[in-house]
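The values are calculated or read from the model by the stated rules, or taken from the named source; none is laboratory data. Since the structure is predicted, the reported quantities are computational estimates derived from the model, not experimental observations. These area figures cover heavy atoms from the full protein model, side chains too; ligands, DNA and RNA do not enter into them. Shrake-Rupley method; radii C 1.70, N 1.55, O 1.52, S 1.80 Å.
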Amino acid sequence: QVHLVESGGGLVQAGDSLRLSCAVAGRGFPTYTMAWFRQAPGKERELVAALTWNNNTYYADFVKGRFTISKDNAKYTVYLQMKSLELDDTANYFCAARAGPVLQRTNTYPYWGRGTQVTVSS
């Protein structure tokens, strides 16, 4: 069993930066693909970024060059550094984990956190 807890969300202005953290409890963290999804009101949950066990990364086109995913295996923590935040980045951000490669469908990730809200204002 893997337990995920996100933190670091908040209210920021457009152009600001924010770093989200996902604390992981459970065995096998270094071997998992870790991902950040987000869900805005009225929209489907979408993959933002992912990081495989061997440090291959995936980024959605809408965050390339602005967001960076990383992890600290010693701290069992995954991060999402977000820069140049835009109004459209407003969403609830979720951390997720799976064994295996990066996949985009939410139902392929068995482990989820409860999310942390990011609100970007003008």
TODO: Roll a 1.4 angstrom probe over the protein heavy atoms and tell me the percent of accessible area of the chain that is carbon or sulfur.
DONE: 47 percent
- [ ] Rank these by accessible area, largest first, 1.4 Å probe: L87, L103, L20, L11.
- [x] L11, L87, L103, L20
TODO: Average the reciprocal distances over every distinct pair of alpha-carbons in the chain, invert the result, and give the Kirkwood radius in Å.
DONE: 14.1 Å
Task: Å² of accessible area per residue within the chain, as computed with a 1.4 Å probe and no ligands counted - done: 53 Å²
Task: Antiparallel bridges, percent of DSSP beta bridges restricted to the stretch 1-118 (to nearest 5) - done: 95 percent
